[in-house]
1. Using 32 Å as the Cα-Cα cut-off, could you pick out the over-long pairs in K111/K204; K142/K204; K142/K380; K425/K462; K154/K429?
2. Heavy atoms only, 1.4 Å probe, whole protein assembly: order C378, C443 by accessible area, highest first.
3. For the range 301-428, what is the relative contact order in percent, using Cα pairs closer than 8 Å and at least 6 residues apart in sequence?
4. Taking the inverse of the average 1/r across all pairs of different Cα atoms in the range 30-70, what Kirkwood radius in Å do you get?
5. Mean residue ellipticity at 222 nm from the helices of the chain, using -39,500 (n - 2.57) per DSSP H segment of n ≥ 4 over the full residue count, to the nearest 500 deg cm²/dmol?
6. Determine the relative contact order of the chain: mean sequence separation of Cα pairs under 8 Å and six or more apart, normalised by residue count, in whole percent.
7. Charges on Cβ only, +1 for Lys and Arg, -1 for Asp and Glu, centred on the Cα centroid of the range 328-466; of A411, Q445, Q386, which one is farthest towards the dipole's positive end?
8. Is the shape of the range 364-438 best called rounded, prolate or oblate, per the rule: a/c under 1.5 gives rounded, else a/b larger than b/c gives prolate, else oblate, with a ≥ b ≥ c the square roots of the Cα gyration tensor eigenvalues?
Amino acid sequence: MKYDDDNKSIANANMETKIIIDEDEEKDLRKRVIQLAMPSLVELLLGTLFGMVDMVMVGRVNKESLAAVGITNQPTMLALAVFQALNVGSTALVARFMGTDDNESASSVVKQTLILTVIMGTIVSILGYIFAGNVINFMGAKPDVFPLAVQYLKIISLGGIFISTSMGIAAALRGAGDTVTPMRYNLISNLINVGLNYILIYGKLGFPAMGVAGAAIATTVSRFVAMIMAVLAIYHPDSLLSLSKRKGIFLDYDIIKRILKIGIPSGVEQFVLRLGQVEFARTVAGLGTTVFAAHQVALNVFGLSFSPSQAFGMAATTLVGQSLGAGRPEMAEKYGLETRRMGMYVAVAIASTFFFFGRQIASIYTNDPQVILLAIGCLKIIAIMQPMQSTQFILAGALRGAGDTRGPLFATVIGIWGIRVMLAKVFIKMGFGLTGAWAAQACDQVFRSIFIYLRYNSGRWKRLKV
């Protein structure tokens, strides 16, 4: 990245914001944020709810099955972090091209993203299957959980190429402003997942009860369906980024270089984040199966809490990128602030639910009173840290849309490893157990929200060249 020294100063840019944006533009701005954020919000919220149903179904088998599925989550997310460089780079670059009405170049970005995700997804799938046992052993699974976790990870690893491809296409479509298509195919695949879960986990409609293996098969099949629908979407003639007229498979090294220039810091960020979460999970796993089961319940609900922030962050990435591509840095700034404001309202509402109804939520997952009690404490901490979490998610999304992926990277490295992981080990050693681990996570969120907020307010991202 480099800065354009010919641009106006940040102070002047702030003055321009007040002069250029009138009342009508303010209304259009809010409408545009809602148009982009709402489909993503519906997709993420319902997707997370389906994931919660997934965990509830497994948890009803026994707590060992719940812990087995949970312990595979972090290494799976770590593997998917490899694709973050492509996804963030694709979204930001497509948004810039669409801002200048260069649909041809935007479609080229999609083609290269698709080729690379297929190649990399195949490699990750093979490695995940071969080294499943090593991964679960590294995660510190207890003997009663180990065989179930290995079985689950092997099966879902086979679908690595499916989820990587659908995620890559979704990232490109969102950069073009199409958040409805990813919402549609992800919702359909999640419905299929839940239906197959019921059939395969419990043995319905003549199928044997397969427990954890049934959950893994359901997840893999649903991801395959999502991939097929995603590919069909970008090859449809009416798609904003249609590849229907593009022939042949070839690598465009100039486009790939530009994608990676933006995306590599974000990919490293996600890798560092997921690696830190793996270490965090290993630390908690050492407290025993009951504690780890409660931790998984809290993590599963936690995903619901940051879905709004993710959705508004995705909208911010697209809108900031398109505004800068159109030469409107003042609009880019307004979009970033507006998405943060709207996302905060939703996040606080969800946080209130977690704080006051933690027992009822935890009871959905399990009947074990000890697991429920531990999960309640975690849910209260999750509720308290929502404002900070919302700020860092959304404004980091805005920075990525501008091509500033280094700021979020620095915040994540320090926050995850310097604060969350280290403090979790200290607090647990001091005897605070699972509550101490989640308190460390709250400290991480406070730091990252302050760092990202100051980075955004500096305004330097407005002058980035990508």
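The values are calculated or read from the model by the stated rules, or taken from the named source; none is laboratory data. Please read these numbers as outputs of a predicted model, since none were measured by experiment. Glycine also receives a Cβ, built like all others from the backbone with ideal geometry; neighbour counts cover every protein chain displayed. Accessible surface areas use protein heavy atoms only, side chains included; no ligands, DNA or RNA. Shrake-Rupley method; radii C 1.70, N 1.55, O 1.52, S 1.80 Å.
1. Among K111/K204; K142/K204; K142/K380; K425/K462; K154/K429, the Cα-Cα distance tops 32 Å for K111/K204; K425/K462; K154/K429.
2. Most to least solvent-accessible, the answer reads C443, C378.
3. Once divided by the residue count of the range 301-428, the mean separation gives 37 percent.
4. Values: mean 1/r = 0.0849 Å⁻¹.
Over the range 30-70, the inverse of the mean reciprocal pair distance is 11.8 Å.
5. Computed ellipticity for the chain at 222 nm equals -27000 deg cm²/dmol.
6. That works out to 24 percent.
7. Of the options given, the answer is A411.
8. Since a/c reaches 1.5 but b/c is at least a/b, the shape of the range 364-438 is classed as oblate.
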